[in-house]
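The structure appears right after this line, and notes come after that.
The values are calculated or read from the model by the stated rules, or taken from the named source; none is laboratory data. Predicted, not measured: the structure shown is a model, and the values here were computed from it. Counting neighbours? That spans all protein chains shown, and the Cβs are built from the backbone with ideal geometry, glycine included.
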Amino acid sequence: MITRILPGQSDSALQEAAELLRCGATVAFPTDTVYGLGAHALNAEAVHKIYEAKGRPSDKPLIILICDKTQLDMLAADVPEQAQKLMDVFWPGPLTLVFQKKADVVPDYVTRGFETVAVRMPNHPVALNLLKKAEVPVAAPSANLSGNPSAVNAEQVIKDLDGRIAAVVDGGSCQVGIASTILDMSGTVPVILRQGSVTKAQLEAVLGQPVEDGFGSAGKQVKA
């Protein structure tokens, strides 16, 4: 496979990348945190390509990226009021929220048997434009070989995944440089599954309630 490099500032290149996603190919692209490796989330063969390209353990679920809050209604069975508060402050941005999934929409091959789905809206113009053009939900873990550092520019993606994926959208270097904070909102108490740039103190300030640390147990469920 030849991995194409597409310029992120070109509308026609983004249209091409979006078409690749719709057709079941894998495309890496920049987000505000790190580069993501995207595939059509409702296409089993496309999602399998993510695991194959990364060498990702088959039991680890994937995060779904969206470009508009209204898309969440398609994926989540319930969006608590507290989650709405967080989205108002941190979306688009480096916070992934975990909800009870709509089982009739979100496939098990994305969530790997869990009854929850992890969703984020990235704060990056290239990512948002691409997601809008793709018009499909896009599963997107970090664009690197599993176990390697997350890629923060196109060159690092190519170093790990050249020949393994269809294309890389080059949008320059990512701003944040570390993966998103993941907060589970599916239970009675919010639980941090992965710590990123959004801190526990920031979350608690918005929610007005304590947030638990879930590292080492549930935190292993969703990784880059």
Tabulated pairs, the range 1-19, first over 14 Å from Gly171 (Cα atoms), second assigned to a helix (DSSP H, G or I), C-beta under 8 angstrom, 6+ apart or interchain: Thr3/Ile158; Thr3/Leu161; Gln15/Lys133; Ala18/Leu130; Ala18/Lys133; Ala18/Ala134
Matching helices (runs of 4 or more DSSP H) fully within the range 46-121 where at least 3 residues are aliphatic (A, V, I, L, M) and over 23 Å from Ala143 (Cβ atoms): 81-90
Odd one out for Gly113 among (1) among the small types (Gly, Ala, Ser); (2) touching a strand residue (DSSP E or B) at 6+ places or on another chain (Cβ under 9 Å); (3) surrounded by fewer than 22 Cβ atoms within 10 Å (Cβ to Cβ); (4) over 22 Å from Leu6 (Cβ atoms): (2)
Residue tally, condition within 27 Å of His48 (Cβ to Cβ), more than 17 Å from the chain's Cα centre (by Cα) and part of a loop (DSSP other than H, G, I, E, B), over the range 166-194: 2
Residue list for the range 128-170, filter: small (Gly, Ala, Ser) and surrounded by 24 or more Cβ atoms within 10 Å (Cβ to Cβ): Ala139, Ala140, Ser142, Ala143, Ala151
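Taking the criterion of being in a loop (DSSP other than H, G, I, E, B) and of a type outside the set (Val, Ile, Thr), would at least one residue in the range 127-134 satisfy it? Break it down stepwise before answering.
Of the residues in the range 127-134, the ones in a loop (DSSP other than H, G, I, E, B) are none.
Within the range 127-134 (the criterion being in a loop (DSSP other than H, G, I, E, B) and of a type outside the set (Val, Ile, Thr)), the answer is no, since none of the residues qualifies.
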Val79 being surrounded by 14 or more Cβ atoms within 10 Å (Cβ to Cβ), at negative phi, at pLDDT 95 or above and over 16 Å from the mean Cα position of the chain (by Cα): yes
The range 20-41 - residue that is in a loop (DSSP other than H, G, I, E, B) and either among the aromatic types (Phe, Trp, Tyr) or under 14 Å from the mean Cα position of the chain (by Cα) (or both) and, of those, nearest to Val157 (Cα to Cα): Tyr35
